[in-house]
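Q: Input: one structure, supplied below.
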Amino acid sequence: MRILIIDDERSIRNTLKEILEFEGHEITLAEDGESGISAASEGNFDAIFCDIKMPKMDGIEVLEKIYAQGIDSAVIMISGHGSIDTAVECIKKGAFDFIQKPLDLNRILITLKNATEKTELIKETRILKKKVSRVPEMIGESKALTLIKDMVERVAPTDARVLVTGANGTGKELVAKWLHEKSLRSSMPFIEVNCAAIPSELIESELFGHEKGAFTSAIKQHKGKFEQADGGTLFLDEIGDMSLAAQAKVLRVLQENKLTRVGSDKDITVNVRVVAATNKNLKEEILKGNFREDLYHRLSVIVIHVPSLSERIEDIPLLVKHFLTQICTEAGKPVMQIDDDAIVELQKNPWGGNIRELRNVIERLFILSNGKITLNDVKTFASPGI
C-alpha cells in the first residue's frame, strides 16, 4: 500500500513512517503543503495523512486542492490543535477522518484500513459506472456543439429520420447514439451497420437477413440488422458507400416498413427508426450517379452537420481534460495535469482526424510525458504527422 505523509514536523513524519513501514507499507514524505500536493498529483497513493497546522499552506487548503485535482486517495487529517469545528470542516471538505495528536497506533491502523477500503470501493464504483453508462457525453460548449445538442433534444423524441454529416472522427456516431438515447425507443435495440466495411455482395444479407440455403455459405437462417433493430434505431454509418442495389432495397423498407430476406418471398414488417451518417457530400454523389436521390430525400428529413474540430477549437481545453481524466481513470492513475500553454499549442494543430485524433494524441502524451504534460511535450509528441 502506498501512503503519503504531509507534515511540517520532522518527528511526526518519521514516527508515522516507521510505524507504517513496519506494517509493510511504502511511504513518501512531504514537509509542506506545496510539496505534498505535487507528490499527491504524481503518485498513485492509497491514502494520505495530512497535518492541518502548517506554514504557507494549511492542511485544509491542501485537502481542497487534492480533491480539486480529482485525486482518489483517502485523506486523513491530523492535528495537535484540533476542535470539533475543525474536524467537522475537514469531513465536509472530503476528508475520510480526523485524528488528534498525540497519535494512537491502533487508531491510525484501523482508520487506514477503513480508508483504503473506501478508496477501493470508489475506484470500483467509477469503473462500474463507466461500464453501465451507455453513451459517452458530448463534450464542449461552443456555439456549434450547443446547436447540435439543441437539435438532438428537439428531434430525438420524434420518429423523424436523421442524416448526420461530417468528416471522419467528428463524432457522428455519438450524435446517432444520443438521438436513440433521448428517444422513446431508448429501451429497445440500437443497431449499427458500417456500410463501408461490408462487401457489396454481403450487404443485402447483412441488412435484410437470409434464409437457410439462400447461398452457398448460408447454413442457417439469419436475421438482418433491420429485424434486429425492430422497435429501436438502426444506424447506417457511411451510407454513401452503399451499393445502388442495396440502396433500392433500403428505400423500399423506408417506404413500406417491410423487408424480404435473401432467398425468401415472404414480407416481414418492421418498425425501425433509421439514422444515417456519411462523410461524403451526397448531393455530389447523386450528380455522379452513385447515390439515389429518392433515398437521399427519405433519409434527410432532418440533417445534422457535425463540424470539424478546427471549427470549434474553443472546445479543445474541455476535450483535453475530459480525455485525460478518462485515460488516467482507465489506467488506475491520478489525473495527469497539463500546462495551459500546452493546451494553447494543441489548439493550433489542424486535427485532420478530429476528435478521434485528439484522443489518440492525449493518450500518447499521457504515456510519454513525465508526470505532467508540458508545452515541450506537445511540440515533441503531438505535432501533425507524428
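Q: Starting from the Cα of Asn370, step 7 Å along the direction of its Cβ; do the same at Leu184; then give the gap between the two resulting points in nm.
A: Each label point is offset 7 Å from its Cα along the Cβ direction, giving 6.1 nm.
Q: Kindly identify the stretch 310-381 as rounded, prolate or oblate by the Cα gyration tensor criterion: order the square roots of the eigenvalues as a ≥ b ≥ c, call it rounded if a/c is under 1.5, otherwise compare a/b with b/c, prolate if a/b is larger, else oblate. Please list the in-between numbers first.
A: On the way: a/c = 1.71, a/b = 1.35, b/c = 1.27.
Verdict is prolate for the stretch 310-381.
Q: Then there's this: Roughly how big is the stretch 2-132's charge dipole about its Cα centre, with Cβ charges of +1 (Lys, Arg) and -1 (Asp, Glu), in debye to the nearest 20?
A: So the dipole magnitude of the stretch 2-132 works out to roughly 560 debye.
Q: So which GluC sites (Glu not before Pro) in the stretch 173-227 are both in a DSSP loop and have at most 14 other Cβ atoms within 10 Å of their Cβ? Write down the numbers at each step before the final one.
A: On the way: sites: Glu173, Glu181, Glu192, Glu201, Glu204, Glu206, Glu211, Glu227; in loops: Glu201, Glu211.
Of the GluC sites (Glu not before Pro), the ones in loops of the stretch 173-227 whose Cβ has at most 14 other Cβ atoms within 10 Å are Glu201.
Q: Which ³J(HN,Hα) values, rounded to whole Hz and listed in residue order, are derived for the stretch 325-332 from phi using the Karplus coefficients 6.51, -1.76 and 1.60 in 6.51 cos²θ - 1.76 cosθ + 1.60 with θ = phi - 60°, glycine and proline given as x?
A: 4, 4, 5, 5, 5, 4, 8, x
Q: While we're here: How long is the gain from Lys288 to Asn360 if the chain were fully straight, where each residue apart is worth 0.36 nm and the alpha carbon distance is subtracted?
A: Numbers: separation 72, 0.36 × 72 = 25.92 nm, distance 3.52 nm.
Result for the pair: 22.4 nm of gain on full extension.
Q: Taking Cα atoms, how many degrees apart are the long axis of helix 10-22 and the longest axis of the chain, rounded to 10 and kept between 0 and 90?
A: Long axis of 10-22 versus the principal axis of the chain: about 60 degrees.
Q: Out of residues 5 or more away from Ile304 or on other chains, whose amide H comes under 5 Å of its own, with H placed 1.01 Å from N in the peptide plane?
A: Residues meeting the criterion, in which the H sits 1.01 Å from N, are Leu163, Val164, Thr165.
Q: Taking N as the number of residues in the stretch 254-386, what is its Cα Rg relative to 2.2 N^0.38 Å?
A: Numbers: Rg = 22.0 Å, N = 133, 2.2 N^0.38 = 14.1 Å.
Taking N as the residue count of the stretch 254-386, the ratio is 1.56.
Q: Counting other beta carbons within 10 Å of each Cβ, put Ile110, Ile12 in order, fewest first. Kindly include the intermediate steps, with their values, before the conclusion.
A: Working: Ile110 12, Ile12 18.
The order, fewest Cβ neighbours first, is Ile110, Ile12.
Q: To the nearest 20 debye, what is the magnitude of the charge dipole of the chain about its Cα centre, counting +1 on the Cβ of each Lys and Arg and -1 on the Cβ of each Asp and Glu?
A: My answer is approximately 1500 debye.
Q: Still on this structure, please answer the following. Most exposed first by the Cβ proxy, i.e. fewest other Cβ within 10 Å, how do Cys328, Cys90 rank? Kindly include the intermediate steps, with their values, before the conclusion.
A: On the way: Cys328 16, Cys90 23.
The order, fewest Cβ neighbours first, is Cys328, Cys90.
Q: While we're looking at this one, here's another question. Where does the Debye-calculated log10 I(q)/I(0) of the stretch 143-307 sit at q = 0.15, 0.16 Å⁻¹, using only Cα point scatterers of equal weight, no solvent?
A: Log-scaled intensity ratios, in q order: -0.80, -0.90.
Q: For the stretch 1-76, max minus min Cα coordinate along each principal axis, in Å, sorted largest first?
A: 31, 24, 17
Q: If R₀ is 25 angstrom, what is the calculated FRET efficiency for the pair Ser11 and Glu34, using the beta carbon separation as r and rounding to 0.05? Don't skip to the end; give the middle numbers.
A: Numbers: r = 21 Å, r/R0 = 0.83.
Using R0 = 25 Å, I get an efficiency of 0.75.
Q: Right, here's the next one. In whole percent, what relative contact order does the stretch 159-260 give with Cα contacts below 8 Å and a gap of six or more residues?
A: Contact order relative to length: 29 percent.
Q: So if R0 is 35 Å, what FRET efficiency would Ala68 and Ser310 give, r being the distance between their Cβ atoms, rounded to the nearest 0.05?
A: Numbers: r = 31 Å, r/R0 = 0.88.
About 0.70, to the nearest 0.05.
Q: If neighbour count is taken as other Cβ atoms inside 10 Å, put Ile373, Ile91 in order from fewest to most. Can you show the working numbers first?
A: Numbers: Ile373 24, Ile91 13.
Least crowded to most crowded, the residues run Ile91, Ile373.
Since every read-out is calculated from the coordinates, none of them should be taken as a lab result. Remember, predicted model here, so these are calculated numbers, not experimental data. No Cβ is skipped: glycine too gets one built from the backbone with ideal geometry, and neighbour counts run over all protein chains shown.
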